[in-house]
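Data block below; observations after.
Where a number appears in this text, it was derived from the coordinates with a stated rule and is not lab data. Worth saying up front: this structure is predicted, and the values here are computed from it rather than measured. Here the Cβ is made from the backbone with ideal geometry for all residues, glycine too, and neighbour counts use every protein chain on show.
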């Protein structure tokens with residue numbers, strides 16, 4: 001009997017030991033990160049960076065600072081990571097002025113897949129980090145001031161701006177596998193392509209400001225929280241030859257869509273050909289449902305009418321409120337074309353430019369505007385039953401010539417919100433000091449938005465060079481110029 005009892009005891013002990021020392025299997029960082037994001041409601045923003053693709057596009061191996069190759073400097077660190085996998089990140093809010101300071105209480109998380117656990121631990125120790133372990137959880141970690149690294153198997157988690165005690169407790173939770181199903185926003189996030197892709201969790205972002213919003217009206221606060229529930233915005237950034245593109249796709253709740261329905265197009269056809277002629281350098285076009293916009297402003301910014309009164313503009317408007325203007329005068333079309341002034345050398349100047357301003361009118365708009373007699377005294381003012389037009393220079397009047405926009409702006413005026421800036425071929429030397437020379441690198445920019453999302457495109461003057469390489473070269477030139485100016 002005793003031998004049998006002894007054998008049973010040995011068997012039980014061996015089972016327990018096997019369970020304790022069972023090696024953590026390698027995991028795919030893509031699945032790991034998505035599982036974390038699905039379960040962490042505190043991330044205001046989470047996303048991924050295709051690091052290897054970005055470094056290749058920037059040609060970082062050729063970058064030298066003070067004669068030292070940047071590629072050699074970071075290659076040892078990069079060699080520890082799986083080059084085929086992106087680096088994921090999660091950011092807690094609020095995003096205020098102190099976000100990157102020591103006072104920030106919002107933690108920043110990075111998730112990556114390393115090639116080999118033991119090699120990484122050895123590498124970190126060579127960099128001067130002290131190795132610590134949580135044997136029970138099979139977690140190895142390093143801590144240095146506000147920077148924390150933890151490894152379990154082939155998964156690396158880095159946390160910035162968290163104490164060591166807080167960080168180790170957090171990674172223990174994060175490393176635990178979860179069977180929770182992915183949310184729809186996770187599916188959309190996974191399908192989004194780009195060099196950098198991130199999702200803004202609007203509910204978590206708003207909630208991160210609770211302390212700052214404690215004096216807000218409780219009913220309004222609750223209404224906003226309800227609208228933002230299950231709402232997110234995906235952003236994809238593409239670094240391409242001669243341009244950077246940002247694409248936005250919204251995944252809003254039905255409640256939020258109803259609140260923002262003033263962003264729905266109010267017409268099928270663009271009105272920009274009625275606004276001006278020639279080659280404007282800046283264009284802004286809005287097609288908004290002003291009645292619904294007024295309702296939105298009254299709900300969430302109930303003192304916005306007083307802003308006009310406090311500014312003294314109510315004298316010009318003869319005591320009409322902004323609500324009156326939005327609901328009874330204008331129909332929602334507002335378009336402005338800007339023609340900058342040039343000096344004797346042909347350079348664009350920062351002085352006040354010439355402009356054309358088109359404002360669509362509602363059913364009683366013409367009558368109401370004519371009651372504001374002061375507007376009729378403005379040079380270049382004209383009005384009919386459908387719209388009013390302010391044209392500061394007659395040569396830019398739409399009747400005088402055809403509007404001539406670049407092909408890059410062919411979509412201008414077809415979305416509820418659109419904007420372009422065109423400085424290709426222009427002399428911008430008078431702006432160099434105030435823009436630190438950035439304006440010299442840009443050819444044009446275009447923006448458009450509606451309720452479904454939007455796009456921003458910024459083109460550079462280096463059409464055959466990836467925008468990342470152009471940006472690095474520009475940054476190095478600025479750094480060099482700054483150092484030389486201090487030395488001499």
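Peptides 346-353, 274-281 ordered by packing proxy, namely the average of other Cβ atoms within 10 Å per residue, highest first: 274-281, 346-353. Taking the fewest neighbouring Cβ atoms within 10 Å as the starting point, the ordered list for 92, 164 is 164, 92. Relative contact order of the range 29-198, taken over Cα pairs closer than 8 Å and 6 or more residues apart, is 26 percent.
Peptides 110-120, 355-365, 328-338, ordered by how many other C-beta atoms sit within 10 Å of their residues on average, highest first, read 328-338, 355-365, 110-120. Dividing the mean sequence gap of close Cα pairs (under 8 Å, 6+ apart) by how many residues the range 203-266 holds gives a relative contact order of 29 percent. Distance between the C-alpha centres of the range 113-142 and the range 215-260: 39 Å, rounded to the whole angstrom. Relative contact order of the range 23-127: 30 percent, from C-alpha pairs under 8 Å at least 6 residues apart in sequence.
Per the Debye calculation on the range 29-198 with a single equal scatterer at every Cα and no solvent contribution, log₁₀ I(q)/I(0) for q = 0.15, 0.17 Å⁻¹ amounts to -0.96, -1.22.
In terms of the mean number of neighbouring beta-carbon atoms within 10 Å, the peptides 411-424, 121-134 order highest first as 411-424, 121-134. Each residue in 462, 221 was given a count of other beta-carbon atoms within 10 angstrom of its own, and listing them fewest first yields 221, 462.
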